[in-house]
Amino acid sequence: MFDAAEKVFGWKNKQDGQGCLVQIEMAERLCPDTPKAKWARPATPEPAPGFPRKVVWAMKALLQIVLICFAGSAIAQTISLPPRATNTPGGADFIKIISTLDFAQREQAVVEEVFAGNVPAFQWRLCPVTVTNVAEGITNIAVFFVTPDYLAVGSDDDYLLMPISPNTAQRIADRLGCVLPTRKMVDEIYAAAEVRLAPSPIPPGPAMTTVPIFAESNEMIRTQRLANLSSHPLGALVAGHKKDVVISARLAGVTNRVAIYGWQQTNGRAIQPLYPGHTAAWVDYSHGIRLVSQNMLVNSETKTVAEVLADPKLCGLISDEGVVTNTRYSTNPPTPLPSPAVSEKINLPWPQKFSASANFGEMLREIRLADEVRILVNAPAPESFATNKPVLLVFYVLPNGNTIEQTVGKTLKPGDDWHFDIQHIGAQTRWLRSVITNRTIVVAYLEAGTKSWPAWCKTHDDRSIIPMLDGVRGIFSSHKTEVVLASHSGGGSLIFGYLNAVKKIPDDVKRIAFLDSDYGYDSKLHADKIKSWLAASDENHLCVLAYQDYLALLNGKPFVSEQGGTWGRSHAMLDDLGAQFQFTSRTNSGLEIFSALDGRMQFLLKENPERKILHTEQVERNGFIQALLSGTADEDKGYEYFGGRAYSKWIQPAD
């Protein structure tokens, strides 16, 4: 082959030919017995006579890959484990063993089996994956080495692809001289795979984190793999059938979280975008652990994956997030998922468990969940409900530092906390009930036990939000129900967590309102879902209220950055949505108003030349009313956003 290559390329010396054949030195170093003349590169890029230029350059590219794959012999291409004992459990027996274990015990059982060598033999030999990038005009070519399939326990004939936490995966990776992949590495692995299996989703639910569902998923994948085993024996690189646990720049400074990505469809598009929202203890059937050798080959040198990710010129080989410095997870056991149990069944049908309030004939039901969540459902009098009248169910997620009672509001008496007089969502709701007469307005106030939804979301999996909201929906299941997702301040964390957890925004969600609460907006996670939801129905509305918070001063100093506050996040969302929807804009008394879809989508952004803190004032000055009426025939009738309180007569009297 090398003689043929010499003839084709006409190699005569080692002059640098535009940086395209840097692998020659690599091959020269790694194959010292080959005459050095064989590795000389061409003095000019001209092809040998009789060979078309395109063919030659294609052959050059191919030969580079061949050479760099040969170079892999310099790096250990197997993982080092003790020999697998004949009396160790296969996959089927291991399923029985771990079915009775709790989460921590199950994780430890996996570690013990892997460290004892109870891993299929075909997984011991690593597969090379070749990647390239261009930095500062120089083409870099590298090879990293990966397990042919996701981590499994058992034998070649009987194995279980084992979902585990990132913490446990890191323990195993450390022992075996490996790391976990990046998103780009997952894409490159899929592109290089000999076998590409289509994802086999199982309907989501609480059981998806249990061993029986692990076993069911494993059997589905095993059936797929057996279908092409004769043409692609075990040990061939296989991909597409799991979501990868990955390392990501987005985990920098974050603890007790896992990033997942992948599950490529047959068209190559990943079902699961990069998502760092789950707690580390969230381990479901779809997760897989792909081990990557910590040593890789870059041009003519051996480097670690961590070194490459830290190098601005080389990181593009294996990262699409730029430099990544946090290349590993903690090996401490993750904080277990909180129990989903509740003190009472949430979805008891209306009006069970409701009691009459002393004010305005309202009906109240308080629900306390075991995971430090308190919900107060406020409904109008029973006669307000009718079979032909839809329920407008508003989830109002509280701001940081406020109780439900303070958020509802009341008339202050001497000695009362000032927080009772700064939002008045209760009074604004009563005003809305007097205006919106074709709907029965119900408000479900959601309070985190720590009075901080951002803090709560850091320790709870996003998917735990779904049953919480669905339970409240179920109270009114005998009525047609339309849902509003509304939040103030840190309450936006729960709304974005919900958007993260659902595949698409449910059809019953008719309005999303961020009242100075979109700090957590992420273009990659949320833009497409919001766009699809807005385009799906002309009944769907989006309202975003924010102000120039980066100019505001607290004790004489700014407290948010231009990009990190709601002003910056609102503009980021506006830019993303503007790529699909055409906005008009106007300014009225320092209020920038951006509107699209005949008013169904509105951004009301308040300028702040006086550098005040307007965070709560936006809500108090009819902000909740505006959030529910924007884009409707009742907008601006009987009230003015940022005007005087339109709801004064509806404020709850002092105790």
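None of the figures in this text is laboratory data; all of them are computed from the coordinates on show. Quick caveat, the model's predicted, so the values are computed rather than measured. Positions of Cβ are generated from backbone atoms using ideal geometry, with glycine treated the same way; all protein chains shown enter the neighbour counts.
At 0.36 nm per residue, and after removing the present C-alpha to C-alpha distance, how many nm does the segment from R439 to T139 gain when stretched out fully?
101.7 nm
In Å, what Rg and Dmax follow from the Cα atoms of the range 356-650?
Over the range 356-650's Cα set, Rg and Dmax evaluate to 18.0, 55 Å.
FRET efficiency for K504 and N87, Cβ-Cβ distance as r, R0 = 60 Å, nearest 0.05?
0.80
Could you work out the helix-only [θ] at 222 nm for the chain, with each DSSP H run of four or more residues adding -39,500 (n - 2.57) and the total divided by the number of residues, to the nearest 500 deg cm²/dmol?
Helix contribution divided over all residues of the chain: -8000 deg cm²/dmol.
Which whole-number percent is the relative contact order of the range 356-650 (Cα, under 8 Å, 6+ apart)?
16
Could you tell me the relative contact order of the chain? Use alpha-carbon pairs under 8 Å, at least six residues apart, and round to a whole percent.
Averaging sequence separation for qualifying contacts and normalising by length gives 10 percent for the chain.
So which trypsin sites (Lys or Arg not before Pro) in the range 237-311 end up in coil per DSSP with only 15 or fewer other C-beta atoms within 10 Å?
R269
Can you bin the range 139-278 into rounded, prolate or oblate? Criterion: square roots of the alpha carbon gyration tensor eigenvalues sorted a ≥ b ≥ c, rounded for a/c under 1.5, prolate for a/b above b/c, oblate for the rest.
Details: a/c = 1.41, a/b = 1.13, b/c = 1.25.
Rounded, because the longest to shortest axis ratio a/c is under 1.5.
So for the range 484-637, averaging the separation of alpha carbon pairs under 8 Å that are six or more residues apart and normalising by length, what relative contact order in percent results? Intermediate results must be reported in sequence, preceding the final value.
Numbers: 264 pairs, mean separation 37.1, N = 154.
It comes to 24 percent, rounded to a whole number.
Treating the beta-carbon of each Lys and Arg as +1 and of each Asp and Glu as -1, no other charges, what is the dipole magnitude of the chain about its Cα centre, to the nearest 20 debye?
600
Is there a quick way to get the dipole size of the range 76-187? I mean about its Cα centre, with the Cβ of Lys and Arg at +1 and of Asp and Glu at -1; what is the value in debye to the nearest 20? Working shown, then result.
On the way: 8 positive and 12 negative charges, 40 e Å.
Here the size comes out at about 200 debye.
D157 to L553: extension gain in nm, 0.36 nm per residue of separation minus the Cα-Cα distance?
Numbers: separation 396, 0.36 × 396 = 142.56 nm, distance 6.61 nm.
Taking 0.36 nm per residue and subtracting the Cα distance, the gain is 135.9 nm.
Averaged across orientations, what area in nm² does the convex hull of the alpha carbons in the range 181-221 project?
The Cα convex hull of the range 181-221, projected and averaged over all directions, gives 3.9 nm².
Please give the length that would be gained between D174 and Q265 if that part of the chain were fully extended, namely 0.36 nm times their separation in residues minus their C-alpha to C-alpha distance (nm, one decimal). Present the calculation step by step, with values, prior to reporting the outcome.
Values: separation 91, 0.36 × 91 = 32.76 nm, distance 3.07 nm.
29.7 nm is the gain from fully extending D174 to Q265.
Of the beta bridges DSSP finds with both residues in the chain, what % are antiparallel, to the nearest 5?
Bridges in the chain are about 60 percent antiparallel.
How high is the FRET efficiency between W418 and S648 when r is their beta carbon distance and R₀ equals 25 Å, given to the nearest 0.05?
0.90
I need the shape label for the range 357-424. Rule: rounded when a/c is under 1.5, else prolate if a/b > b/c, else oblate, with a, b, c from the alpha carbon gyration tensor. Intermediate values should be presented prior to the final figure.
Numbers: a/c = 2.26, a/b = 1.44, b/c = 1.57.
Oblate, since a/c reaches 1.5 and b/c is not below a/b.
Taking the range 246-339 as the region of interest, what is the percent of Cα-Cα pairs per 5 angstrom bin, listed from the shortest bin to the one with the maximum distance?
Going from the shortest bin to the longest, the percentages are 2, 12, 19, 21, 19, 15, 8, 3, 1, 0, 0.
Would you please state the base-10 log of I(q)/I(0) at q = 0.11, 0.23, 0.24, 0.25 1/Å for the range 401-491, with intensities from the Debye formula using one equal scatterer on every alpha carbon?
-0.41, -1.26, -1.30, -1.33
Note down the nm distance, to one decimal, between modelled labels 7 Å out along Cα→Cβ at Q105 and at L591.
Taking the simple label geometry, Q105 and L591 are separated by 6.1 nm.
Taking a cut-off of 12 Å between Cα atoms, list the aspartates and glutamates near K353, but don't count ones fewer than 8 places away on the same chain.
Within the straight-line cut-off, K353 pairs with E344, E366.
Using DSSP, restrict attention to beta bridges with both residues in the range 356-650 and report what percent are antiparallel, rounded to the nearest 5. Let's see the in-between values first.
Values: 26 of 57 bridges.
In the range 356-650, approximately 45 percent of DSSP beta bridges are antiparallel ones.
Separation between the N347 and E366 pseudo-spin-labels, each 7 Å from Cα along Cα→Cβ, expressed in nm?
Label at N347, label at E366, 2.5 nm between them.
Past 25 Å, Cα to Cα, is the threshold; run K345/K524; K557/K606; K451/K510; K243/K458; K458/K503; K510/K637 against it and keep the listed order.
On the way: K345/K524 36 Å; K557/K606 20 Å; K451/K510 27 Å; K243/K458 21 Å; K458/K503 20 Å; K510/K637 21 Å.
Violating the 25 Å limit, Cα to Cα: K345/K524; K451/K510.
Which three lengths, in whole Å and largest first, does the chain cover when its Cα atoms are put on their principal axes?
Largest first, the chain extends 94, 60, 47 Å along its Cα principal axes.
Grab the beta carbon distance between E321 and K529, set R0 = 35 Å, and tell me the FRET efficiency rounded to 0.05.
Approximately 0.95, to the nearest 0.05.
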